[in-house]
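A.B. asks: What follows is a structure written as structure tokens; I'll ask about it next.
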């Protein structure tokens, strides 16, 4: 083993003379009856083997990094043998987590013993105040009303009505709807004589409800969630994303098999746009040959109610794999591959993925505005929800600055914001949408 002495010392000191395998914690240096000649039973194990032929050796870690302390874990002989023989279960990710949990447990024990950290004068760990960003975008406004029109509707009519709405000339107005109990429900004001639903429903049979009342009812809260999901379907459809109904996610897809796709966006810490592949065939770094699959960036989107009145949009980055850029692969054959890809996504990488999706969904603007006609809309801020915390902080070698957290206002977004604020004031003043609908 060619592990440098310094790396061995770092590992031994952080491991606290205990096996890192969960529950074991065997003492690894024993007196042996002779205080001057102790017995060392511990073994330095590689998380990713020194060579590509060893346990987990095909993991994409540079060879020059494999003999360093972050890739080493201290184990007893028995558990060293276990993790190297059961590599399908004891993956590199699992061993890294095992190492991190063990070393943190040792560090906590040292702190509780009153031993000061380096740079401290004693009395515990030094803490810093920082903002932690989430995968959630705050919703600034929800449609104030839900409209319903009774008719001879049934569930089978939804496909027919969707085709009729698709034939309406394009506008910014989205038209999600659901049919429940022979009634068509929508966020759009169904009383408008010239609206997209005017030839589908009888405007004289339209009722309306306050959205906040629906949130509190069991059945109608589900219907409201269905309307929100269909709104996301409309938004992503206009952005050329494909809905994967089975896994409830949206993904990029090229027009032709074997064709890569690139998207321009603004990275988290850059002012200028850059291109990024969103459909591509990955290359095996070891052989230089294309892998027998295609990667597609994907995302799961979901509205969540965080309290009685507040909502947020959850963004969960995903990955879809296909044979050739078009043909899907059975989930059971690729589950492990997708899990490995996602497991290598650390804090900064995840934040960058969230940034990509908020940039793409909003077109790089401060807000995502989903319109359903006059004074009915969903407004989502593209500034990620965050919280102030006090904690030991990220190790300096992993700390990275975050910029572009907030997008700047331009003339168009400022004008849109002024209109939204005026609508909110009208709602507070008791604006009657029936009078305006009858005039239309």
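A.B. asks: Tally up the residues in the range 341-378 that are out of contact with any helix residue (DSSP H, G or I) (no Cβ under 6 Å at 6 or more places or on another chain), modelled with pLDDT under 90 and in a helix (DSSP H, G or I), please.
C.D. replies: 8
A.B. asks: Please go through the range 1-27 and give me each residue that is in contact (Cβ under 8 Å) with a residue 12 or more places away in the chain, assigned to a loop (DSSP other than H, G, I, E, B) and within 17 Å of residue 101 (Cβ to Cβ), ordered by number.
C.D. replies: 16, 17, 19, 20, 21, 22, 24, 26
A.B. asks: All but one of (1) touching a strand residue (DSSP E or B) at 6+ places or on another chain (Cβ under 9 Å); (2) closer than 19 Å to residue 315 by Cβ; (3) at pLDDT below 90 hold for residue 276; which doesn't?
C.D. replies: Just one mismatch for residue 276, condition (3).
A.B. asks: Out of the residues in the range 225-239 that are crowded, with 17+ Cβ neighbours inside 10 Å and in contact with a helix residue (DSSP H, G or I) (Cβ under 9 Å, 6 or more places away or on another chain), which is farthest from residue 377 (Cα to Cα)?
C.D. replies: 236
A.B. asks: Mind checking which strands (runs of 3 or more DSSP E) fall wholly inside the range 102-177 and carry at least 3 residues that are modelled with pLDDT of 80 or more and closer than 30 Å to residue 204 by Cα?
C.D. replies: It comes to 145-150.
A.B. asks: May I ask you to verify whether residue 171 is touching a strand residue (DSSP E or B) at 6+ places or on another chain (Cβ under 9 Å), in the same structural domain as residue 374 (by TED's automatic domain parsing) and either surrounded by fewer than 21 Cβ atoms within 10 Å (Cβ to Cβ) or without any contact (Cβ under 8 Å) to a residue 12 or more places away in the chain (or both)?
C.D. replies: Taking the combined requirement at face value, the residue satisfies it.
A.B. asks: Still on this structure, I have one more. If you take the residues of the range 372-384 that are surrounded by fewer than 21 Cβ atoms within 10 Å (Cβ to Cβ) and over 17 Å from residue 312 (Cα atoms), which of them is farthest from the chain's Cα centre (by Cα)?
C.D. replies: Restricting to residues being surrounded by fewer than 21 Cβ atoms within 10 Å (Cβ to Cβ) and over 17 Å from residue 312 (Cα atoms), the top hit is 374.
A.B. asks: While we're here: Which one of these does residue 261 not meet: (1) surrounded by 15 or more Cβ atoms within 10 Å (Cβ to Cβ); (2) farther than 30 Å from residue 376 by Cβ; (3) at pLDDT below 95?
C.D. replies: (3)
The values are calculated or read from the model by the stated rules, or taken from the named source; none is laboratory data. The model shown is predicted, which means the values in this text are computed figures rather than measured ones. Note that we place each Cβ from the backbone using ideal geometry, even for glycine, and neighbour counts take in every protein chain shown.
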